[in-house]
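J.: Have a look at this one before I ask anything.
The values are calculated or read from the model by the stated rules, or taken from the named source; none is laboratory data. What you see is a predicted model, and the numbers here were worked out from it, not measured in a lab. Here the Cβ is made from the backbone with ideal geometry for all residues, glycine too, and neighbour counts use every protein chain on show.
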Amino acid sequence: MAKPSLILLVGPTAVGKTEIAIQLAERINGEIVSADSRLFYRGMDIGTAKPTRAEQARVPHHLIDIVNPDEILSLAVFQQKAREAIANIHARGKLPLLVGGTGQYVRAVTEGWKPPEVKPDSRMREELEKVKRERGEGWLHERLAILDPVAAEKIDARNFRRTIRALEVILTTGKKFSEQRGQGEPSYHLITIGLTRPRPELYARIDARIESMFENGLLDEVKGLLAKGYSPDLPTMSAIGYRECVSVIEGKLSVEQAKVEMRRATRVFVRRQANWFKESDPNIKWFIVQDEVVEIIESFVRRTLQIETSAKQGNPTDR
């Protein structure tokens, strides 16, 4: 049986995925499924560069604002929700676009990952949290780098939940976390599109975005979350922008120092994203973001889909 098509749109933060995905979806009768783990959380809008209400109204978006900041959306639950959304889009006769910058969430869907079957161990997690408090926030990630360098390379050092989960699996099974990710048969025929810009241009866009976030009220957004009772120690509050703003509110950083920290952390994040989606990957068709790039991508997608259809029907394709 032929696999349904899925368009995957990837690229570093601030490259322009949001607007290009919307324009492409408008042109090809598509709907967007977000694979950006930062967009799952309600009330975290400015610091995550979440698509605005107006942008989301242009084409249907899925898996945005689906949990509160103090709830955890596991990789397995996301995988299930994404597959359901994609199936529903296909059922409506539309094309799904999976859009994101969170590598493990994207791969979990496109490669049929089977997360390690290790049940959460609350006692071990409490011990690891205690170690984090006693030895500092970076110690656990440094320990993970010793036990499983591959996993550590792909997990943000500030993502304590993922770091603790990886250590929990390693200490429970005695095997590397990176080697326990089962992989099933991919469910889709992928058309993978990568977006890129020259690095200086990308960094300039990141800097401009950070300035815009503060101008648009990022600090007030974080104050509002804290006022609602969300703890600054939540994993979600360790996301870039939120952690720095908490430090400003607590008097540990000035606004300008927070911006510097955000610029530095975002550059590290961009390099980590590149580990998931490499420009040397032959399965990714890369496009430099410039004038008329949407038209170029649309032409590529339509041509690829036409070739797929001809192949399924056993007909020769146009040369």
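J.: Taking the options 158, 107, 143, name whichever one is buried (at least 16 other Cβ atoms within 10 Å of the Cβ), in contact (Cβ under 8 Å) with a residue 12 or more places away in the chain and in a loop (DSSP other than H, G, I, E, B). Reasoning before the result, please.
T.: Numbers: 107 fails: in a loop (DSSP other than H, G, I, E, B); 143 fails: in a loop (DSSP other than H, G, I, E, B).
So the residue among 158, 107, 143 that is buried (at least 16 other Cβ atoms within 10 Å of the Cβ), in contact (Cβ under 8 Å) with a residue 12 or more places away in the chain and in a loop (DSSP other than H, G, I, E, B) is 158.
J.: Return only the number of the condition from (1) of a type outside the set (Gly, Ala, Ser); (2) at pLDDT 95 or above; (3) closer than 19 Å to residue 13 by Cβ that residue 272 does not satisfy.
T.: The one condition residue 272 does not meet is (2).
J.: Within the range 211-232, can you find the residues that are hydroxyl-bearing (Ser, Thr, Tyr) and either surrounded by fewer than 19 Cβ atoms within 10 Å (Cβ to Cβ) or at positive phi (or both)? If you could, list the steps in order and put the result at the bottom.
T.: Within the range 211-232, the first condition is being hydroxyl-bearing (Ser, Thr, Tyr), and the residues that meet it are 212, 230-231.
The answer is 212, 231.
J.: Quick one: in the range 185-210, which of the residues that are in contact with a Lys or Arg (Cβ under 6 Å, 6 or more places away or on another chain) and modelled with pLDDT under 95 is surrounded by the most Cβ atoms within 10 Å (Cβ to Cβ)?
T.: Filtering the range 185-210 for residues that are in contact with a Lys or Arg (Cβ under 6 Å, 6 or more places away or on another chain) and modelled with pLDDT under 95, the one surrounded by the most Cβ atoms within 10 Å (Cβ to Cβ) comes out as 188.
J.: Using the structure shown, decide if residue 171 is among the aliphatic types (A, V, I, L, M), within 22 Å of residue 268 (Cα to Cα), without any contact (Cβ under 8 Å) to a residue 60 or more places away in the chain and assigned to a helix (DSSP H, G or I).
T.: Details: among the aliphatic types (A, V, I, L, M): yes; within 22 Å of residue 268 (Cα to Cα): no; without any contact (Cβ under 8 Å) to a residue 60 or more places away in the chain: yes; assigned to a helix (DSSP H, G or I): yes.
When the stated conditions are applied, residue 171 does not pass them.
J.: Looking at residue 82, is it surrounded by fewer than 14 Cβ atoms within 10 Å (Cβ to Cβ) and modelled with pLDDT of 85 or more? I'd like the intermediate steps shown before the answer.
T.: Numbers: surrounded by fewer than 14 Cβ atoms within 10 Å (Cβ to Cβ): no; modelled with pLDDT of 85 or more: yes.
So residue 82 fails the test.
J.: Going through the range 239-262 one residue at a time, which ones are more than 12 Å from residue 218 (Cα to Cα) and surrounded by fewer than 15 Cβ atoms within 10 Å (Cβ to Cβ)?
T.: Step one: of the range 239-262, the residues more than 12 Å from residue 218 (Cα to Cα) are 239, 247, 250-254, 256-257, 260-262.
If the condition is that a residue be more than 12 Å from residue 218 (Cα to Cα) and surrounded by fewer than 15 Cβ atoms within 10 Å (Cβ to Cβ), then 250, 251, 252, 254, 256, 257, 260 are the ones that fit.
Residue-by-condition table, conditions (1) among the charged types (D, E, K, R); (2) in contact with a His (Cβ under 8 Å, 6 or more places away or on another chain); (3) at pLDDT 95 or above:
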{"position": "212", "(1), (2), (3)": "no, no, yes"}
{"position": "215", "(1), (2), (3)": "yes, no, yes"}
{"position": "222", "(1), (2), (3)": "no, no, yes"}
{"position": "227", "(1), (2), (3)": "no, no, yes"}
{"position": "233", "(1), (2), (3)": "yes, no, no"}
{"position": "238", "(1), (2), (3)": "no, no, no"}
{"position": "241", "(1), (2), (3)": "no, no, yes"}
{"position": "246", "(1), (2), (3)": "no, no, yes"}
{"position": "250", "(1), (2), (3)": "yes, no, yes"}
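J.: Does the range 300-312 include one or more residues that are surrounded by 16 or more Cβ atoms within 10 Å (Cβ to Cβ), at pLDDT 95 or above and not in a loop (DSSP other than H, G, I, E, B)? Reasoning before the result, please.
T.: Here is the first cut: in the range 300-312, the residues surrounded by 16 or more Cβ atoms within 10 Å (Cβ to Cβ) are 301, 304-305, 308.
Keeping just the survivors that are at pLDDT 95 or above gives 301.
Filter once more, keeping what is not in a loop (DSSP other than H, G, I, E, B): 301.
Yes, there is a match, as at least one residue in the range 300-312 is surrounded by 16 or more Cβ atoms within 10 Å (Cβ to Cβ), at pLDDT 95 or above and not in a loop (DSSP other than H, G, I, E, B).
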